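Notes follow the structure.
Just so it is clear, none of the values below were taken in a lab; they were calculated from the coordinates. These numbers come from a predicted model, not from an experiment. Backbone-built Cβ (ideal geometry, glycine too); neighbour counts: all protein chains shown.
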Amino acid sequence: MSRKFFWSNYQKKSAPYYGSAGRPRSKRPFEYTREEARRFRQKVFLGGSLAIFLLIFYFWFYSDNFRIRQINIEGNLQQISAAEMRGVVEAALKKSSFFLFPGNNYFFVSRRLIEKALTDKNILAAVEIKKDFPHTLNIKVKEKLGRLIWVSGEQLYLLELSGKITGKLEARDLANIGVPVIYDLSNATFDLNQPVVNPKLVDLISQIYTDFSGFELPVMELDYFKVDSAQANYVKIVTKRGFEIHVNYLSSLAEQFDKLKKSLLFGKIDLNKINYINLRVENQVIYK
């Protein structure tokens, strides 16, 4: 039986065409070079960016440019020196830190830790901390009074805040003593180690002595105090201009001084022509 030959089956199949959807053509050498250069530029950019970031990070947080180098102490210091207080602050700055950041960096200074370090000594009544860019701390303090001087019958007594007389002093000890001096006009004598002075009166005098400048009374400076007796409920503040200001602890001290401040601002009192100002009467300022 003869077989038929079909020319169509014999035709040579053409080679497949690989277009854009088929198998990609091999890369030429210049294409490899261009891709490697692009990757190299990316690595250089990332490395340069990281180096710049680390440099900026070091400049702001670890270099001396923003390290606290100046500590200014202001206040009525008697029981502790400014140098000693500065040492306490420096120690607190070294101990404090914020994760990896140093505690003495301007941006990470902890006011709370510094205040705690200062008040732990229990000699300060108030602490105010302010930062001055880029490397200064200004610290304003008010020291607690430890003792007062009570003068009565030409005798100087050492008075504790509890109202107890604990010792005697010589007249020369009054020079530059840095504590309140109270003159008792009754000229009474006292036995040692006895609570003989009204504690509320002592508290009033201590508050006036500590906060007097904060009341911002125009052209007034405190000199010393007078009382009529050790059990009085008021005190006579003697100013350096010679006139007296009478206040008590039965009313708010701030309110009493506020009355006086308003009267002075409105020009109602000529301080050059008065002997005393009485602030003990509610809503009144009495002067002579």
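Please state the equivalent ellipsoid semi-axes for segment 147-287: what are the square roots of 5 times the Cα gyration tensor eigenvalues, largest first, in whole Å?
Ellipsoid half-lengths, sorted descending, are 28, 15, 13 Å.
What residues have an amide H closer than 5 Å to that of TYR183, excluding those fewer than 5 places away on the same chain, when H is modeled at 1.01 Å from N in the peptide plane?
Counting only residues 5 or more places away or on other chains, the set is VAL151, PHE225, LYS226, VAL227.
Can you tell me what share of the DSSP beta bridges in segment 66-143 is antiparallel? A percent to the nearest 5 is fine.
65
Kindly put ARG111, ARG39 in sequence by how many other C-beta atoms sit within 10 Å of each C-beta, fewest to most.
Fewest to most other Cβ atoms nearby, the residues stand as ARG39, ARG111.
Show the residues, 5+ positions off or on another chain, whose built amide H is closer than 5 Å to the amide H of LEU124.
Amide H neighbours of LEU124, under 5 Å, 5+ apart: LYS144.
Placing +1 at every Lys and Arg Cβ and -1 at every Asp and Glu Cβ, with all other atoms neutral, what dipole size does segment 147-287 have around its Cα centre, in debye to the nearest 20?
280
Give me a comma-separated list of calculated 3J(HN,Hα) values for segment 154-165, in order, Karplus coefficients 6.51, -1.76, 1.60 applied at θ = phi - 60°, integers in Hz, x for any Gly or Pro.
Using θ = phi - 60°, the values come out as 6, 10, 9, 10, 8, 10, 7, 5, 6, x, 8, 8 Hz.
Out of residues 5 or more away from TYR276 or on other chains, whose amide H comes under 5 Å of its own, with H placed 1.01 Å from N in the peptide plane?
GLU244, LYS288
Work from the charge dipole of segment 147-287 (Cβ charges, +1 for Lys and Arg, -1 for Asp and Glu, about the Cα centre) and give the residue of ILE274, THR239, TYR157 farthest towards its positive end.
Of the candidates, ILE274 comes out farthest on the positive side.
How large is ³J(HN,Hα), in whole Hz, for each residue of segment 135-148 in order, when computed from phi with the Karplus curve 6.51 cos²θ - 1.76 cosθ + 1.60 and θ = phi - 60°, using x for Gly and Pro?
Once rounded to whole Hz, the list reads 8, 10, 10, 10, 10, 10, 10, 10, 7, 5, 6, x, 8, 10.
Please report the spacing between the Cα centers of segment 206-242 and segment 84-162 in Å, no decimals.
Computed from Cα coordinates, the inter-centre distance equals 25 Å.
Can you pull the semi-axes for segment 42-158, root of five times each eigenvalue of the Cα gyration tensor, sorted largest first, whole Å?
45, 11, 9
Under the Karplus relation 6.51 cos²θ - 1.76 cosθ + 1.60, θ = phi - 60°, what is the ordered set of whole-Hz ³J(HN,Hα) values for segment 246-259, x standing for Gly and Pro?
Computed from phi, the couplings for segment 246-259 are 9, 9, 10, 9, 7, 10, 4, 5, 4, 5, 5, 6, 5, 4 Hz.
Where nothing but the Cβ of Lys and Arg (+1) and of Asp and Glu (-1) is charged, how large is the charge dipole of segment 63-195 around its Cα centre, in debye to the nearest 20? Could the numbers behind the result be given before it?
Working: 18 positive and 15 negative charges, 149 e Å.
Dipole of segment 63-195, to the nearest 20 debye: 720 debye.
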